[in-house]
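The values are calculated or read from the model by the stated rules, or taken from the named source; none is laboratory data. Just so you know, these numbers come straight off a predicted model, no measurement behind them. Here the Cβ positions follow ideal geometry from the backbone for every residue, glycine too, while neighbour counts run over all protein chains shown. Note: areas computed on protein heavy atoms with side chains; ligands, DNA, RNA excluded. Shrake-Rupley method; radii C 1.70, N 1.55, O 1.52, S 1.80 Å.
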Amino acid sequence: MDAQVIRSSSESPSARNTGYATQPPLQRFLANCYEEFKSDNSGAVADYIPELRRANPAHFGVALVTIDGHIYEVGDSAVPFTIQSVSKAFVFALALEMVGEERVAAAIGVEPSGEAFNSIRLTNDNRPFNPMVNAGAIAVASLIKKDSAAAGVRMFIEKMQLAAGRKLRIDGAVLASETTTGNRNRAIAYLMLNFGIIDNDVNHTLQQYFSQCSLLVNCRDLAIMAATLANMGTNPVTAEPVFDFQYIKDVLAVMFTCGLYDHAGEWAYRVGLPAKSGVGGGLLAVVNRQLGIAVYSPRLDAKGNSVRGIMVCRELADRLGLHAFEFTNVGSSFMQSML
Ligand code: GLU
């Protein structure tokens, strides 16, 4: 399928202005959003993983990909950053495919925790609350890891490459930084070992988890990945099947209720889209059967979500009527009019 790429880059502001009036409405809308929010400097880059401090706080990119393969992007949409917790949505899909719903449900719940992403609390039956917080994702890593750590990480990278439609790699410096400083995640893992949620090979599980978080992506990749979820598991740009469609609804449901840590309820209320954020500054949202949205802006709010990411998604949802329960959301025919 041909992808229509209309790029409006911050490196070449003139490109953004050229032919503005002739740009498709959706591209114009993205450019307006970018202009509106780029001067907001609230929030701070994550620093509890030392290597994340190196992110440029000014970076800001937005990308949107429709399920018929159109790509729209503005700003720093090609700047690489680590995927961090955004990977949790995809490894959850992987776990469902690899070991099935029953084994996943035995190890991990689907309840919003109402707590921070790195909370050490488990449910009353000693499972992690859901796969979108650290505890749940570490339990997922334990389920999907392979006999050798390298094989497990390779399998994860291959899946993510299919979802992005291009070659990806792990950021070695971020991986080393997380591995050295990730004692809280280690504590969470040992607590789960104590309750029999994960097996004895804690180091191996954590290696899988830290590697997943350290995958380098850009905003455009995340939008294509989000559009792959919107498109029932098939990458709309490459037409390659990536995720088993029977599990997409499970993944989207958990993203809807748990994707933004302890901001998840507010997000469902105000934005109303399945989404996932990461402390690297990435945020993606899925408009089911219509499009994927991604924002990269590394300044985070107190809950670890990208400040501009939330602003852009809220604006898009409001202005385009994308909230899942919005009465103006009449499906793809509506989006068609915006292309
Ligand atoms: N690697 C990060 C951690 O384990 C991921 C956190 C996040 O993005 O929410 O703390």
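Structure data summary
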{"item": "Cα long-axis angle, helix 202-213 against the chain (0 to 90 degrees, to the nearest 10)", "result": "0 degrees"}
{"item": "Rel. contact order, % - alpha carbon contacts under 8 angstrom, at least six apart, the range 85-213", "result": "29 percent"}
{"item": "Cross-link partners of LYS146 among aspartates and glutamates (Cα-Cα below 17 Å; sequence separation of 8 or more within a chain)", "result": "GLU97, GLU158, ASP199, ASP201"}
{"item": "Rounded to the nearest 10 Å², the accessible area of ASP199 at probe 1.4 Å", "result": "70 Å²"}
{"item": "For the range 274-306 and the range 205-271, distance of Cα centres in Å", "result": "10 Å"}
{"item": "Amide H partners (placed H, <5 Å) of GLU240, local residues excluded", "result": "ASN235"}
{"item": "Most fluctuating residue given options ARG319, ARG220, ARG270, as computed from a GNM of the chain linking Cα atoms under 10 Å", "result": "ARG319"}
{"item": "Helix 134-144 axis, angle to the chain major axis (alpha carbon atoms, nearest 10°)", "result": "80 degrees"}
{"item": "Per residue, in Å², the accessible surface of the chain once ligands and nucleic acids are set aside, probe 1.4 Å", "result": "39 Å²"}
{"item": "Global form of the range 186-339, assessed from the alpha-carbon gyration tensor, a/c cut-off 1.5", "result": "prolate"}
{"item": "Cα pair distances of the range 85-213 binned at 10 Å [whole percent]", "result": "13, 48, 33, 6, 0"}
{"item": "J(HN,Hα) series, the range 296-301, from Karplus relation 6.51 cos²θ - 1.76 cosθ + 1.60, nearest Hz, glycine and proline x", "result": "10, 7, x, 6, 10, 7"}
{"item": "Mean Cβ neighbour count within 10 Å, used as a protection proxy, ranking 178-190, 74-86, 115-127 highest first", "result": "74-86, 178-190, 115-127"}
{"item": "Extension gain, THR180 back to ALA78 (0.36 nm per residue minus Cα-Cα distance, nm)", "result": "33.9 nm"}
{"item": "Cα gyration tensor shape of the range 259-313, rounded if a/c is under 1.5, else prolate or oblate by comparing a/b with b/c", "result": "oblate"}
{"item": "The chain: relative contact order as a whole-number percent, Cα under 8 Å and 6+ apart", "result": "24 percent"}
{"item": "Two-decimal Rg/Rh across the chain, once Rg and the Kirkwood Rh are taken from alpha-carbon atoms", "result": "0.95"}
{"item": "When each of LYS159/LYS276; LYS167/LYS303; LYS167/LYS249 is checked by Cα-Cα distance, pairs over 29 Å", "result": "LYS167/LYS303"}
{"item": "Degrees between helix 219-230 axis and first principal axis of the chain (Cα, 0 to 90, nearest 10)", "result": "80 degrees"}
{"item": "Apportionment of accessible area to carbon and sulfur, the chain, percent (1.4 Å)", "result": "52 percent"}
